[in-house]
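Participant: Below are the structure tokens for one structure; questions will follow.
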Amino acid sequence: MAANRTKRAFRYRFYPSDVQAAELSRTFGCVRKVYNLALVARTEAWARKERVNYSQTSAMLTAWKKTEELAFLNEVSSVPLQQTLRHLQTAFTNFFARRARYPRFKSRKRSRKSAEYTTSGFRFRDGRLTLAKMAEPLDIVWSRPLPDGTKPSTVTVSQDAAGRWFVSMLCEDPHVTPLPATNGAVGIDVGLDHLLTLSTGEKITNPRHERHDRTRLAKAQRKLSRKAPGDGANRRKARRKVARIHARIADRRRDMLHKLTTRLVRDNQTLVIEDLTVRNMVKNRTLARAISDASWSAFRSMLEYKAAWYGRQVIAVDRFFPSSRLCSVCGTVEDKMPLSVRTWTCGCGAAHDRDVNAAKNLLAAGLAVSVCGAGVRPQRSSPGGQSAVKQKTPRREP
């Protein structure tokens, strides 16, 4: 039996010494500088209808290091600098494949501070990690062990806005194997009153993490707004306090989503969700904060990669499928269904909870997709008043 080759990132908090923090801060700055310089070069070449690839930007990096103006690039490890050029190459590949927007410049204040090291840029021995250009290993808090007999293939060091340092190690995890097959199937309808409503009738409460800390966050933001503009110590301290509150909210949300998605994937073979465009939905100013706090995109992402790990199937039903307006008993489609309507009764006499009914319809549509191998688009009323399921072949990626 072939060995499992699933790669998994293990993230740990660490506490650098002053020397290590200074070295990593210089590395972050150099990574950002090289990325932006390479992006300028590729953008100028794009304007001339020319293409510049990774090898050419790598040669540019060598030339930049020889100049007096950019000689400081030699002070940090070359591995993270080469990796940021590879990341830029990936960004352009996604752009040309129409999977992403044109790459943007990295901002000193708004971009994530991180640096990626490959095996030539670090040493991992006896559970101690030492990065290139550093004499001492990192003081890592090992909250959980790495898989036995494995070593990281890449190491990513980062610092968040709250000032916390993290190291993420990418390893092959032999413990990630497909779970035993089950007959369980569930439709999942996301919402705001309840985070999830399942076709089984179970409703999972929306914890509204941001709302619980909204008062503290507003107070910290008011204090920040009163600080003098610039990069003074008092403003940095106030900004850090706001970032810590945001980090607390994000940590609780992420922990809850991990536990929830793990349970759903463990208990069900097939999981059916709605293919929502959250990016467009958050443009609604009235609901933007609540939708962002619910984090539907993160939920779907976790559900999909865990399903791939454990041999489960996730089916996304077209967002225009009228799951809320469709009677799950007789198939009649109601003309209108305002959001204020939470329960309704169909002409056939069936009484529906709006969200449970939607989850049941999603499950039925998803199972039809799995059998027929087609996508689901909105239903149209048949001449007899009943709705007919229309299917189409999924659109190919460009």
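Participant: Taking the residues in segment 84-106 that are in a loop (DSSP other than H, G, I, E, B) and among the hydrophobic types (A, V, I, L, M, F, W, C) as candidates, determine which candidate is nearest to V40 (Cα to Cα). Steps first, answer last, please.
Facilitator: In the first step, residues of segment 84-106 are kept if they are in a loop (DSSP other than H, G, I, E, B); the result is 97-106.
When the remaining residues are screened for being among the hydrophobic types (A, V, I, L, M, F, W, C), the result is 97, 100, 105.
On the way: A97: 20, A100: 18, F105: 9 Å.
Filtering segment 84-106 for residues that are in a loop (DSSP other than H, G, I, E, B) and among the hydrophobic types (A, V, I, L, M, F, W, C), the one nearest to V40 (Cα to Cα) comes out as F105.
Participant: Is it true that S111 is in the same structural domain as S78 (by TED's automatic domain parsing) and touching a residue at least 60 places away in the same chain (Cβ under 8 Å)?
Facilitator: Yes.
Participant: Might you check whether a residue that is more than 20 Å from K113 (Cβ to Cβ) and in the same structural domain as V167 (by TED's automatic domain parsing) occurs anywhere in segment 16-32?
Facilitator: So in segment 16-32, the residues more than 20 Å from K113 (Cβ to Cβ) come out as none.
No - not one qualifying residue is present in segment 16-32.
Participant: Another question about this same structure. Could you figure out which of (1) within 26 Å of W296 (Cα to Cα); (2) out of contact with any Ser or Thr (no Cβ under 9 Å at 6 or more places or on another chain) isn't true of R254?
Facilitator: For R254, the failing item is (2).
Participant: Given the conditions (1) within 30 Å of S107 (Cα to Cα); (2) of a type in the set (G, A, S); (3) not assigned by TED's automatic domain parsing to the domain that holds Y117, which single one is not true for S153?
Facilitator: S153 satisfies every listed condition except (3).
Participant: I'd like the residue in segment 46-55 that is part of a helix (DSSP H, G or I) and free of Cβ contacts under 8 Å to residues at least 12 places away in the same chain and, out of all such residues, is surrounded by the fewest Cβ atoms within 10 Å (Cβ to Cβ).
Facilitator: A47
Participant: Is it the case that some residue within segment 349-363 is modelled with pLDDT under 90 and closer than 30 Å to H175 by Cβ?
Facilitator: The answer is no; no qualifying residue exists.
Participant: Here's another thing I want to ask about it. Kindly indicate whether R98 is within 27 Å of D251 (Cα to Cα), in contact (Cβ under 8 Å) with a residue 40 or more places away in the chain and surrounded by fewer than 17 Cβ atoms within 10 Å (Cβ to Cβ). Don't jump to the end; show me each part of the working.
Facilitator: Details: within 27 Å of D251 (Cα to Cα): no; in contact (Cβ under 8 Å) with a residue 40 or more places away in the chain: yes; surrounded by fewer than 17 Cβ atoms within 10 Å (Cβ to Cβ): yes.
Answer is no for this residue.
Participant: Quick one: how many residues across segment 106-125 are under 22 Å from the mean Cα position of the chain (by Cα), surrounded by fewer than 13 Cβ atoms within 10 Å (Cβ to Cβ) and of a type in the set (S, T, N, Q)?
Facilitator: Final tally of qualifying residues: 1.
Participant: Going residue by residue through segment 75-86, is there one that turns out to be at pLDDT 95 or above, farther than 25 Å from D18 by Cβ, surrounded by fewer than 17 Cβ atoms within 10 Å (Cβ to Cβ) and in contact with a helix residue (DSSP H, G or I) (Cβ under 8 Å, 6 or more places away or on another chain)?
Facilitator: Yes; the residues of segment 75-86 include at least one that is at pLDDT 95 or above, farther than 25 Å from D18 by Cβ, surrounded by fewer than 17 Cβ atoms within 10 Å (Cβ to Cβ) and in contact with a helix residue (DSSP H, G or I) (Cβ under 8 Å, 6 or more places away or on another chain).
Participant: Which members of segment 269-310 meet the condition of being in a loop (DSSP other than H, G, I, E, B) and surrounded by 14 or more Cβ atoms within 10 Å (Cβ to Cβ)? Give the derivation first.
Facilitator: Going through segment 269-310, the residues in a loop (DSSP other than H, G, I, E, B) turn out to be 269, 275-277, 282-287, 295.
Across segment 269-310, the qualifying residues are Q269, D275, L276, V282, L287, S295.
Participant: Mind checking which residues of segment 326-348 are of a type in the set (S, T, N, Q) and either outside any strand (DSSP E or B) or more than 16 Å from S199 (Cα to Cα) (or both)?
Facilitator: Passing the criteria: S328, T332, S340, T345.
Participant: Hey, could you check segment 312-325 for residues that are in contact with a Leu (Cβ under 6 Å, 6 or more places away or on another chain) and assigned to a loop (DSSP other than H, G, I, E, B) and say which is surrounded by the most Cβ atoms within 10 Å (Cβ to Cβ)?
Facilitator: Just the residues of segment 312-325 that are in contact with a Leu (Cβ under 6 Å, 6 or more places away or on another chain), to begin with: 314, 317, 319, 323.
Narrowing the set further to residues that are assigned to a loop (DSSP other than H, G, I, E, B) leaves 319, 323.
Values: R319: 14, S323: 27.
That would be S323.
Participant: Among the candidates T261, T277, single out the residue that is closer than 20 Å to K203 by Cβ and either of a type in the set (S, T, N, Q) or without any contact (Cβ under 8 Å) to a residue 40 or more places away in the chain (or both). Spell out the reasoning first.
Facilitator: On the way: T277 fails: closer than 20 Å to K203 by Cβ.
Residue meeting the stated conditions: T261.
Participant: Next question, about the same structure. In segment 201-231, what residues are under 25 Å from L362 (Cβ atoms) and of a type in the set (D, E, K, R)? Let's see the steps before the verdict.
Facilitator: As a first pass, look at segment 201-231 and keep what is under 25 Å from L362 (Cβ atoms): 201-208.
The answer is E202, K203, R208.
Participant: Return the residue satisfying two criteria in turn: it lies in segment 126-173 and is out of contact with any Asp or Glu (no Cβ under 8 Å at 6 or more places or on another chain) and at positive phi, and of such residues it is surrounded by the fewest Cβ atoms within 10 Å (Cβ to Cβ).
Facilitator: My answer is D126.
Participant: Here is a list: R98, R112, R108. Which entry is at pLDDT below 95, out of contact with any Ser or Thr (no Cβ under 9 Å at 6 or more places or on another chain) and more than 21 Å from W64 (Cβ to Cβ)?
Facilitator: The unique qualifying residue is R98.
Participant: Just to be sure I understand the filter: pairs with C-beta atoms under 8 Å, separated by 6 or more residues or on different chains, first member in segment 61-89 and within 11 Å of Y35 (Cβ to Cβ) and in contact (Cβ under 8 Å) with a residue 12 or more places away in the chain, second member of a type in the set (D, E, K, R) and outside any helix (DSSP H, G or I). Which pairs pass?
Facilitator: Matching pairs, first to second residue: P80/E116; Q83/E116; T84/E116; H87/E116.
The values are calculated or read from the model by the stated rules, or taken from the named source; none is laboratory data. Fair warning: this is a prediction, and the values are worked out from it, not measured in the lab. Using ideal geometry, Cβ is built from the backbone for each residue, glycine included, and neighbour counts are taken over all protein chains shown.
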